[in-house]
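Q: So that we are looking at the same thing, I have put the structure below in structure tokens.
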Amino acid sequence: MFQIPLENLLVSILLATLASAIFGVATLLFKKATMPVGEIKVQEFKKDFKGNVKKLLNKDMALAIILQLSAWLIFLMALSRYQVSVIVPVLSTTYIFTAFYCNRFLKEKLSWREILGILIIIVGVIILTL
Amino acid sequence: MRLINTVKNEAVAALAGGLIGFGDPLIKISMEAAGLNNFLFYDIIGWFSLLLNWHFLLGMSLAFVGSIVYVIALSKGKASIINPLSGGASYITIVVLSNILLGESVTVPKTIGIFIIILGIYLLSHFSNNKQLNNEVRGEHS
């Protein structure tokens, strides 16, 4: 066993929270990017495949991919500083961030049952890494 | 691919998460095979040795297919539900696959955690108010 300094814990938790906040923005932008196409149904999507793919690859999608990759790198930096069992549960705050952003900017309303389901998944992730 | 239109959207999201979860254990194997114990993302020689490893390529391509399925699921449902669904489902694949391929033991907390995640996924897909394709079947509840 090797000792990990305590300030690494704080820095890595901060980095992981930052990463999950950025992951939330990325999910919001992914959702926004799919909006010009509407609901993707494979048969209808195939009919005008090139046009639909062009519609999908818009500015939002590009920004979302860049944010996703940068959040992943920040997450890896957090992971290299401290134990997985602390960092992965912190990462599951992504779901809360996503729900917050989507409620704010896309007017998605969640029922209390759906909030309960999200919280149960977060509890499952925390227990998984114990 | 025709199956995606008939299955409930939450199941598509869980499938996407399951596919994305294939990435991490396979990348871990490729890193062990390349002898990268302390990988840094600006290590160019490390990246080349990873790109020549079929485990790495398989993991990345499965995760890529998963991301496409994820975008399909995202276009149909609420983002705030699809994200936890696929995220939770990816942990299930990670635990099972890292037991099979890497020999990491499935401990009691992992089992309990997986069951709680499955319960959460079930509740989310059961209670979400998304438009369903077969309205006549699911018209009774919700």
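Q: What are the pairs, 6+ residues apart or on separate chains, where a residue within segment B:57-72 that is outside any helix (DSSP H, G or I) has its Cβ under 9 Å from a residue that is among the small types (Gly, Ala, Ser)?
A: Pairs found: none.
Q: Looking for something more than 26 Å from B:ILE68 (Cβ to Cβ) and at the interface with another protein chain (Cβ under 9 Å from one of its Cβ atoms) - is there at least one such residue anywhere in segment A:80-95?
A: Yes, the conditions are met somewhere in segment A:80-95.
Q: Also: Quickly run through segment B:41-76 and pick out the residues that are of a type in the set (Ser, Thr, Tyr) and over 17 Å from B:ALA13 (Cβ atoms).
A: B:TYR42, B:SER49, B:SER61
Q: Against the condition assigned to a helix (DSSP H, G or I), within 13 Å of another protein chain (Cβ to nearest Cβ) and of a type in the set (S, T, N, Q), how does B:SER30 come out, does it pass?
A: Considered against the rule, which asks whether it is assigned to a helix (DSSP H, G or I), within 13 Å of another protein chain (Cβ to nearest Cβ) and of a type in the set (S, T, N, Q), B:SER30 comes out as no.
Q: Tell me, please, whether a residue that is in a helix (DSSP H, G or I) and without any contact (Cβ under 8 Å) to a residue 12 or more places away in the chain can be found in segment A:97-105.
A: The answer is yes; a qualifying residue exists.
Q: Here is a follow-up. Looking at A:LEU69, is it modelled with pLDDT of 80 or more and either in contact with an Asp or Glu (Cβ under 7 Å, 6 or more places away or on another chain) or surrounded by fewer than 13 Cβ atoms within 10 Å (Cβ to Cβ) (or both)?
A: It is true that A:LEU69 is modelled with pLDDT of 80 or more and either in contact with an Asp or Glu (Cβ under 7 Å, 6 or more places away or on another chain) or surrounded by fewer than 13 Cβ atoms within 10 Å (Cβ to Cβ) (or both).
Q: Answer yes if at least one residue in segment B:119-134 is more than 7 Å from every other protein chain (Cβ to nearest Cβ) and modelled with pLDDT of 90 or more, and no otherwise.
A: The answer is no; no qualifying residue exists.
Q: Still on this model: How about segment A:104-122: which of its residues are at the interface with chain B (Cβ under 7 Å from one of its Cβ atoms) and either open to solvent by 70 Å² or more (accessible area, probe 1.4 Å) or in contact with a His (Cβ under 7 Å, 6 or more places away or on another chain) (or both)?
A: Within segment A:104-122, A:ARG113, A:LEU116 qualify.
Q: Still on this structure, please answer the following. So for segment B:92-101 (the condition being crowded, with 19+ Cβ neighbours inside 10 Å, without any contact (Cβ under 8 Å) to a residue 60 or more places away in the chain and part of a helix (DSSP H, G or I)), does at least one residue qualify?
A: yes
The values are calculated or read from the model by the stated rules, or taken from the named source; none is laboratory data. This one's a predicted model, so the numbers in the text were calculated from it and none came from an experiment. So basically every Cβ, Gly included, is an ideal-geometry build from the backbone, and we count neighbours across all protein chains shown. What goes into the accessible areas is simple: the full protein's heavy atoms, side chains included, and nothing from ligands, DNA or RNA. Shrake-Rupley method; radii C 1.70, N 1.55, O 1.52, S 1.80 Å.
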